[in-house]
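Data first, discussion second: the structure below is written as structure tokens.
The values are calculated or read from the model by the stated rules, or taken from the named source; none is laboratory data. Just so we're clear, the structure is a prediction, and the values are computed from it rather than from any experiment. A quick note on method: Cβ atoms are made from the backbone with ideal geometry, for glycine too, and the neighbour counts reach across all protein chains shown. Quick note on the areas: whole protein, heavy atoms, side chains included, nothing else; ligands and nucleic acids left out. Shrake-Rupley method; radii C 1.70, N 1.55, O 1.52, S 1.80 Å.
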Amino acid sequence: MKRAVVAGGSVAGLLAARVLRDWADEVVVVEPDPLPPEPVTRPGTTHAEQFHVLLGLGQELLVHWFPGLLDAMVGAGVVVCTPGRDGRMFVDGQPRPVVAGDVLVPFYRPLLDWHIRESVLPSVRLLPDRVVGLVGGSRVEGVRLASGSVVDGVDLVVDATGRGSRLGTWLADQGYPGPPRTRIELDLGYATALYRRTPDQRLDDLLAVHSLRSPASARPGVSCVAPLGPDRWMCTISGYADDRPTRDPDEFTARCLLEPADAFATLARTCEPVGPVRTHRFPHSLRRDFHLVADFPEGLVPVGDAVASFNPIYGQGVPSAALHASALAAWLGTGEPTAAYFRRLKVVVDAAWQTSTTEDLRLPHVTAARPLSFPFQRAISTAIDHAAMTDPLVAQRFAEVINMRIRPVDMLTPAVLGRTLLAALRKP
């Protein structure tokens with residue numbers, strides 16, 4: 001290609017730009033927000049101050065596109081946690097079996113964004129503007145910008161403008177239908193606070209703790225604590241609807257003391273808070289099914305949250321963006337029409353969507369319509385959750401789903417289902 005345009009300088013947009021760098025003479029990234037030259041928050045990532053952890057496949061894909069990235073982040077203070085020795089997951093206060101394999105990489109989101117920018121931006125053209133429309137007919141040939149100018153002579157446009165994508169409007173202006181949308185109202189809120197950490201300090205003899213409060217519990221949600229470099233702990237508490245956490249530091253402390261995993265109470269009792277409590281609200285999960293659009297122009301594809309945005313407590317955002325970049329690279333190598341890209345994308349979105357929404361639809365306050373198969377899905381999911389607490393094989397496969405290495409449907413093997421049944425029969 002001569003020229004490719006990426007709308008949006010998010011992680012998904014920069015990953016797409018990295019892929020396109022191998023295919024186009026010129027890559028133009030159009031981003032309205034100033035991209036800071038250091039690892040600090042920017043307006044486009046409103047949740048940057050919250051807890052982030054990089055899942056197994058996300059680590060692998062980022063290192064594929066950016067060799068040395070994780071080493072550079074470790075050099076900047078990121079603490080890698082080995083399962084069992086350093087990190088554990090708890091469900092309603094009970095520890096899951098330790099599964100060897102993928103390490104935990106809790107990180108400061110602006111640091112990751114900055115490292116990716118430092119790798120991508122020197123080799124692309126950054127245009128401080130905003131895309132407001134498309135140019136072309138059955139094939140997109142350019143974009144219209146908020147400044148009134150046009151970038152034309154374009155072989156491919158990538159929409160990476162996130163959850164608020166206006167791609168449906170851009171398509172309608174060109175006479176094309178927008179994609180069907182599925183939305184699940186979650187009303188999720190989470191709050192994050194930093195605490196002072198002494199060198200080599202551990203909490204309840206651990207570095208990273210994920211505490212899942214199941215949908216059946218009185219206060220469902222996820223809480224996480226892990227080192228943010230050598231001198232800080234980062235702790236995040238989540239809740240839904242009327243139980244969303246606030247900025248009140250006393251309430252944050254009270255929530256830590258009520259957490260069923262002991263590390264949070266240890267943190268609140270022994271460590272000094274540093275700075276304010278920061279909150280973020282996530283109103284709904286959203287997916288746009290582009291594979292269902294019968295008439296779609298060539299030369300245009302979406303990536304990242306512009307396709308699907310999931311409940312963030314499952315950590316699927318960055319790995320999904322990396323998987324979308326891989327789908328884009330694989331598709332570009334085939335020369336096939338855009339519909340082939342959407343078929344690849346559907347596999348990725350379906351897996352992440354099922355992982356998060358199967359749990360989300362178990363929440364009593366969520367009013368979204370359940371599919372006819374949901375009672376069966378809920379029963380299987382609940383049984384597998386129970387079996388993963390005691391059976392090493394089920395725990396291993398469960399961890400592979402969490403780390404996005406396999407799809408949820410890949411767990412439904414005779415071996416896993418048989419062990420799940422045995423665990424259910426043993427249940428008091």
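How large is the charge dipole for the chain, taken about the Cα centre, if only the Cβ atoms of Lys, Arg (+1) and Asp, Glu (-1) carry charge, to the nearest 20 debye?
Here the chain has a charge dipole of around 720 debye.
Roughly what would the spin-label model give for GLU38 and LEU421, points 7 Å off Cα along C-beta, in nm?
About 6.2 nm, to one decimal.
Quick one: what are the phi-derived ³J(HN,Hα) couplings along the range 106-116, Karplus 6.51/-1.76/1.60 with θ = phi - 60°, whole Hz, x for glycine and proline?
For the range 106-116, the Karplus curve yields x, 8, 8, 3, x, 5, 4, 4, 5, 4, 5 Hz.
Report the label-to-label distance for ARG163 and THR46 in nanometres (one decimal), using points 7 Å from each Cα along the Cα→Cβ vector.
Rounded to a tenth, the inter-label distance reads 0.7 nm.
Counting only DSSP beta bridges with both residues in the chain, what percent are antiparallel, rounded to the nearest 5?
Values: 47 of 69 bridges.
Restricted to the chain, the bridges split so that about 70 percent are antiparallel.
On a 0 to 90° scale, report how tilted helix 317-332 is relative to the longest principal axis of the chain, with both axes built from alpha carbons and the result rounded to the nearest 10.
Taking the Cα atoms of the chain, the angle to 317-332 is about 40 degrees.
Which net charge results when you count Lys and Arg as +1 and Asp and Glu as -1 among the other residues whose beta-carbon is under 9 Å from that of ARG244?
Details: positive: ARG281; negative: ASP187, ASP242, ASP243.
After counting each charged neighbour, the total is -2.
Could you give the length gained by full extension between VAL274 and ARG219, i.e. 0.36 nm per residue of separation minus their alpha carbon distance, to one decimal place? Show your work: numbers first, answer last.
Values: separation 55, 0.36 × 55 = 19.80 nm, distance 2.63 nm.
17.2 nm is the gain from fully extending VAL274 to ARG219.
Tell me, what HN-Hα J-couplings in whole Hz come from the Karplus equation 6.51 cos²θ - 1.76 cosθ + 1.60 at θ = phi - 60° for each residue of the range 242-255, using x for Gly and Pro?
Once rounded to whole Hz, the list reads 5, 9, 5, x, 10, 7, 5, x, 5, 5, 4, 4, 4, 5.
Order of 305-313, 210-218 by packing, highest average Cβ count within 10 Å first?
Highest-to-lowest ranking by the protection proxy: 305-313, 210-218.
Calculate, for GLN396 and LEU292, the FRET efficiency according to 1/(1 + (r/R0)^6) with r their C-beta to C-beta distance and R0 51 Å; round to the nearest 0.05. Walk me through the numbers before you get to the answer.
Details: r = 35 Å, r/R0 = 0.68.
The pair GLN396/LEU292 has a calculated efficiency of 0.90.
What's the extension gain from ASP242 to HIS365 if we count 0.36 nm per residue and subtract their Cα-Cα distance? Don't jump to the answer; show the numbers that get you there.
Working: separation 123, 0.36 × 123 = 44.28 nm, distance 0.97 nm.
Extra length from ASP242 to HIS365 when fully extended: 43.3 nm.
Return the FRET efficiency for the residue pair SER138, ALA330: r is the Cβ-Cβ distance, R0 is 35 Å, and the value is rounded to the nearest 0.05.
Working: r = 24 Å, r/R0 = 0.68.
Efficiency, from the Cβ-Cβ distance: 0.90.
Tabulate in residue order the Karplus-calculated ³J(HN,Hα) for the range 37-43, using 6.51 cos²θ - 1.76 cosθ + 1.60 with θ = phi - 60°, rounded to whole Hz; enter x for Gly and Pro.
Computed from phi, the couplings for the range 37-43 are x, 9, x, 10, 5, 9, x Hz.
Using mean Cβ contacts within 10 Å as the protection proxy, how do 75-87, 341-353 order, highest first?
Working: 75-87: 16.7, 341-353: 19.3.
The densest-packed peptide leads the list: 341-353, 75-87.
Leaving out ligands and nucleic acids, and using a 1.4 Å probe, what accessible area per residue does the chain come to in Å²? Present the calculation step by step, with values, prior to reporting the outcome.
On the way: 18220 Å² over 428 residues.
I get 43 Å² per residue for the chain.
Expressed in nm to one decimal, what extension gain is obtained for the pair LEU258 and VAL409 from 0.36 nm per residue of sequence separation less their Cα-Cα distance?
Numbers: separation 151, 0.36 × 151 = 54.36 nm, distance 3.47 nm.
Going from the current span to full extension adds 50.9 nm.
Summing Lys, Arg as +1 and Asp, Glu as -1, what charge do residues with Cβ under 14 Å from the Cβ of VAL347 carry, VAL347 excluded?
Details: positive: ARG287, ARG343, ARG344, LYS346, ARG405, ARG407; negative: ASP289, ASP350, ASP410.
It works out to a net charge of +3.
Which one, LEU188, SER149, LEU121, is farthest towards the positive end of the dipole of the range 78-210 when Lys and Arg carry +1 and Asp and Glu -1 on their Cβ?
So the residue we want is LEU188.
Relative contact order (percent) for the range 334-425, with alpha-carbon contacts under 8 angstrom and 6 or more residues of separation? Write out the running numbers ahead of the final one.
Details: 48 pairs, mean separation 26.1, N = 92.
Over the range 334-425, the number comes to 28 percent.
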